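**Student:** Quick one: structure below, then a few questions.
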Amino acid sequence: MQPTLADIHAAANTIRGVADGTPLVPSPFMSDQSGAEFLLKLENMQPIGAFKLRGALNAVAAVAEAAGVTCCSTGNHGRGVAYAARARGIRAVVCMSELVPQAKVDGIRALGAEVQIKGQSQDDALAESRRLFRDEGLVEISPFDDPLVIAGQGTIGLEILAARPDVTTLLVPLSGGGLAAGVALAAKAINPAIRVIGISMDRGAAMHESIKAGHPVEVQELPSLADSLGGGIGLDNRLSFPMCRDLLDQIVLVTEEQIYHAMQVLYYEDRIVAEGACVVGLAAVLAGKITLDGPTATIITGRNLDMPTFTRIVTGQDVTLGDVTVKGKPYDA
Ligand SMILES: *Cc1c(COP(=O)(O)O)cnc(C)c1O
């Protein structure tokens, strides 16, 4: 069942005091460049460094005391589930493949979760979390296709509109679509005229391809500076696909070069260290792909980036991602 505005209000109560109330701050540079007041919702300030704590807290709160939880995200969702489970004192098992870097394994363990290493691919890790569900009764929490996760992420929309009811456009980084679905649901329930635009990188944009095809499709996963936006939406997607299809006004794609430049902008102009996934809204506006018609907010979704890569970007060096090299350039507004 798709969540409703009431579910998002309930989620806001559940996460209160732990994962809510992040700052909404102006970006004078982006306002100047775009001709519209441009606001940043700083989810990079969350205790786990990303907004995914909202959905994870809301989903973990609904799990019975005796049960534990499992997921197979090695990224921000894994961190969120680990943090939320520890806060409730329940067991969390995060499943990963042998290919996941040790630093990520250590990061999740440091948040108190057990780590199960299985096989050579994300599919092997997923099979292990399904087994834990069958054999040990652990509740599996999807990073985006779960009504409680979507409602949790939607609290960002409530907070932005409570602070600034005059916002006319929301720019939302888009991957599996839990964030965009929740934020668009909240925002449009409050102001049906608001425009909500999802933004992805042009290398492997699964939601974009799925909406074009009319059903969830698989895309090839390619390395990107916006690595938190990679991955599929699930061929059996039940919620985030139809919600994004029905609620988003538009999806815009940006290139690696545009993401690179926008990361420099956010660092040099706003002094914010954030993942490539966060800056796609800035990148789309700076590239002239979106025209703004009033106060605009984007979500700075997380700060959990690879620091050596970030250092290369702010110093204008080339960055090699798998088989492509993003050409470096010293920052120049
Ligand atoms: C998960 C994530 C996103 C995208 O959220 P979806 O709900 O998968 O669309 C964006 N930015 C960061 C930093 C994330 O961790």
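The values are calculated or read from the model by the stated rules, or taken from the named source; none is laboratory data. These numbers were taken from a predicted model, which means no experiment stands behind them. Here the Cβ positions follow ideal geometry from the backbone for every residue, glycine too, while neighbour counts run over all protein chains shown.
**Student:** From the list LEU185, LEU222, LEU126, LEU171, exactly one residue is surrounded by 21 or more Cβ atoms within 10 Å (Cβ to Cβ) and either closer than 29 Å to LEU321 by Cβ or in the same structural domain as THR74 (by TED's automatic domain parsing) (or both). Which is it? Give the steps one after another, and end with the answer.
**Tutor:** Numbers: LEU185 fails: either closer than 29 Å to LEU321 by Cβ or in the same structural domain as THR74 (by TED's automatic domain parsing) (or both); LEU222 fails: surrounded by 21 or more Cβ atoms within 10 Å (Cβ to Cβ); LEU126 fails: surrounded by 21 or more Cβ atoms within 10 Å (Cβ to Cβ).
Result: LEU171 is the single residue among LEU185, LEU222, LEU126, LEU171 that is surrounded by 21 or more Cβ atoms within 10 Å (Cβ to Cβ) and either closer than 29 Å to LEU321 by Cβ or in the same structural domain as THR74 (by TED's automatic domain parsing) (or both).
**Student:** Still on this structure: List pairs: first residue in region 151-173 and within 18 Å of THR14 (Cα to Cα), second residue of a type in the set (Phe, Trp, Tyr) and within 16 Å of the ligand (Cβ to nearest atom) anywhere in the structure, Cβ distance under 7 angstrom, at least six positions apart or on different chains.
**Tutor:** If the second residue must be of a type in the set (Phe, Trp, Tyr) and within 16 Å of the ligand (Cβ to nearest atom), the pairs left are GLN153/PHE51; ILE156/PHE51.
**Student:** Inspect region 234-256 for any residue being assigned to a helix (DSSP H, G or I), within 25 Å of ALA103 (Cα to Cα) and either within 19 Å of the chain's Cα centre (by Cα) or of a type in the set (Val, Ile, Thr) (or both) and give the result as yes or no.
**Tutor:** Yes, because at least one residue in region 234-256 is assigned to a helix (DSSP H, G or I), within 25 Å of ALA103 (Cα to Cα) and either within 19 Å of the chain's Cα centre (by Cα) or of a type in the set (Val, Ile, Thr) (or both).
**Student:** With outside any helix (DSSP H, G or I) and away from the ligand (no atom under 15 Å from the Cβ) as the only criterion, which of LYS188, LYS212, LYS289 stands out?
**Tutor:** LYS289
Quick grid of which residues meet (1) in contact (Cβ under 8 Å) with a residue 24 or more places away in the chain; (2) over 19 Å from ASP306 (Cβ atoms):
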{"site": "LEU57", "(1), (2)": "yes, yes"}
{"site": "GLY68", "(1), (2)": "yes, yes"}
{"site": "SER73", "(1), (2)": "yes, no"}
{"site": "ALA84", "(1), (2)": "yes, yes"}
{"site": "ARG88", "(1), (2)": "yes, yes"}
{"site": "LEU99", "(1), (2)": "no, no"}
{"site": "ARG109", "(1), (2)": "no, no"}
{"site": "GLU114", "(1), (2)": "no, yes"}
{"site": "GLN120", "(1), (2)": "no, yes"}
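**Student:** Assuming ALA19 fulfils every condition listed in (1) aliphatic (A, V, I, L, M); (2) under 17 Å from the mean Cα position of the chain (by Cα); (3) surrounded by fewer than 17 Cβ atoms within 10 Å (Cβ to Cβ) apart from one, which condition is it?
**Tutor:** (3)
**Student:** Let me spell it out: the conditions are (1) part of a loop (DSSP other than H, G, I, E, B); (2) within 24 Å of GLU140 (Cβ to Cβ); (3) within 14 Å of the ligand (Cβ to nearest atom), and THR22 meets all of them except one. Which number is the exception?
**Tutor:** Just one mismatch for THR22, condition (2).
**Student:** Before we move on, is LEU282 modelled with pLDDT of 95 or more, away from the ligand (no atom under 14 Å from the Cβ) and within 23 Å of SER31 (Cβ to Cβ)?
**Tutor:** no
**Student:** Going through region 34-74 one residue at a time, which ones are farther than 30 Å from ASP293 by Cβ and surrounded by fewer than 23 Cβ atoms within 10 Å (Cβ to Cβ)?
**Tutor:** Scanning region 34-74 gives PRO47, GLY49, ALA61, ALA62, VAL63, ALA64, GLU65, ALA66, ALA67, GLY68, THR74.
**Student:** Moving on to the next point. Counting just the residues of region 273-287 that are among the aliphatic types (A, V, I, L, M) and closer than 11 Å to LEU174 by Cα, which one comes out farthest from the chain's Cα centre (by Cα)?
**Tutor:** From region 273-287, those among the aliphatic types (A, V, I, L, M) are 273-274, 277, 279-280, 282-287; that's our starting set.
The next check asks that each one be closer than 11 Å to LEU174 by Cα; those that pass are 277, 280.
Values: ALA277: 7, VAL280: 11 Å.
Applying the filter and picking the extreme gives VAL280.
**Student:** While we're looking at this one, here's another question. Report the residue count in region 83-102 for those that are surrounded by 15 or more Cβ atoms within 10 Å (Cβ to Cβ), touching an Asp or Glu at 6+ places or on another chain (Cβ under 9 Å), within 14 Å of ALA67 (Cα to Cα) and among the small types (Gly, Ala, Ser).
**Tutor:** The total comes to 1.
**Student:** Which one is nearest to ARG164 (Cα to Cα), of the residues in region 268-283 that are in contact (Cβ under 8 Å) with a residue 60 or more places away in the chain and surrounded by fewer than 24 Cβ atoms within 10 Å (Cβ to Cβ)?
**Tutor:** The selected residue is ASP270.
**Student:** Quick one: which residue in ALA262, ALA333, ALA274 is within 14 Å of the ligand (Cβ to nearest atom), among the small types (Gly, Ala, Ser) and in a loop (DSSP other than H, G, I, E, B)?
**Tutor:** ALA274
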